[in-house]
Amino acid sequence: MLPYATAAEAEAALGRAMTRAEAAWLCYSASMPDHLLYCHNVAILLLLYTLAPLPLALLELRARAAPDGVAAAVMRPSTYKLQPRAHLSPAAFLRCYLDTGRVLLLTVGTLSLVSYPAVKMVGIRTGLPLPSAGEVAAQMLVYLLVEDYLGYWIHRLLHTRWGYDNIHRVHHEFTAPFGYAAPYAHWAEVLILGVPAFTGPAIVPCHMTTLWLWFVLRHLEAIDIHSGFNFPFNPTKLIPFYGGAQHHDYHHRVGGQSQSNFSSVFTFCDYLYGTDKGYRYHKASLEKAC
Ligand SMILES: [Zn+2]
Ligand SMILES: [Zn+2]
């Protein structure tokens, strides 16, 4: 809840006129308790999870229904689909969506209700001024690097015998991933992966709007690497060291025995710790065959 009753009070405290974004934020959040603002992340997550994978899911279903159509052409081995022989039925899509939605609602919803004191303690702020674009970009970069590094080691632990058999095997049920399978996981894994996601904001506290943006970014990234498609025009190809769908698809394709490609965002942890050797050999074999 912001400590200003009017725009004039807010501008007096800022010592300048508000930007349009700040005026909109004041209007939206002035009388809303901070813990409710924080809980927006549950709605953001569920909305994003429902909508972001939908276009490619419809493309896959369309290709299945009309094998001679444009959608089917995109799915052919010579085009963009990474595992073109893998086809899911509408019922399988729906089961994955409903199971994942239920787990996300229970785990992320509960976590959001109980973790607000920690969010407040680390210094996530809701007031004015809003952060600059440069500040947001720098924080996103830190959060991505922290999540990538911690996530790499957590993922490796989840591939130990105990971690895999008891937790991580659920995420590997789909050997040919697709967008809706990105957060498909055991409830314990969803909670565990919250640690690398929150460590960045705990080290470098941000504004609540930046935290929302961080949730959006990391969920979009997860959906992208599980998409099952390697589009050459994907703008993420411009990001240095970004792993992308091809990198993570190999991890799923190899399956439970996979000891390769543990990184979720960038490729340098796998390179540094030598866990991309199988993938590099696989890529080299594909290039030789072309
Ligand atoms: Zn794995
Ligand atoms: Zn995965």
Yes/no for ASP148 being within 25 Å of ARG102 (Cα to Cα), buried (at least 19 other Cβ atoms within 10 Å of the Cβ), within 16 Å of ligand 2 (Cβ to nearest atom) and of a type in the set (Asp, Glu): no
Selected residue (criterion: farthest from ligand 1 (Cβ to nearest atom)) from residues of region 194-223 that are surrounded by fewer than 22 Cβ atoms within 10 Å (Cβ to Cβ) and not in a helix (DSSP H, G or I): HIS207
Residue identified as assigned by TED's automatic domain parsing to the domain that holds ALA73, assigned to a helix (DSSP H, G or I) and within 16 Å of ligand 2 (Cβ to nearest atom) among TYR184, TYR164: TYR164
Single unsatisfied condition, PRO232 versus (1) modelled with pLDDT under 95; (2) within 16 Å of ligand 1 (Cβ to nearest atom): (2)
Inter-residue pairs, beta-carbon under 7 Å, first closer than 18 Å to LEU82 by Cα and in region 168-180, second aromatic (Phe, Trp, Tyr) and more than 11 Å from ligand 1 (Cβ to nearest atom), 6+ apart: PHE174/TYR184; TYR180/PHE93; TYR180/TYR97
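Return yes when ASN234 is polar (S, T, N, Q), assigned by TED's automatic domain parsing to the domain that holds ARG169, free of Cβ contacts under 8 Å to residues at least 40 places away in the same chain and over 16 Å from GLU147 (Cβ atoms) and no when it is not. Give the steps one after another, and end with the answer.
Details: polar (S, T, N, Q): yes; assigned by TED's automatic domain parsing to the domain that holds ARG169: yes; free of Cβ contacts under 8 Å to residues at least 40 places away in the same chain: yes; over 16 Å from GLU147 (Cβ atoms): yes.
The answer is yes for ASN234.
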Residues of region 235-260 that turn out to be assigned to a loop (DSSP other than H, G, I, E, B) and crowded, with 16+ Cβ neighbours inside 10 Å, as a count: 3
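The values are calculated or read from the model by the stated rules, or taken from the named source; none is laboratory data. Everything numeric here is computed off the predicted structure, so don't read it as measured data. When we count neighbours, we look across all protein chains shown, and the Cβ atoms used for this are built from the backbone with ideal geometry, even at glycine.
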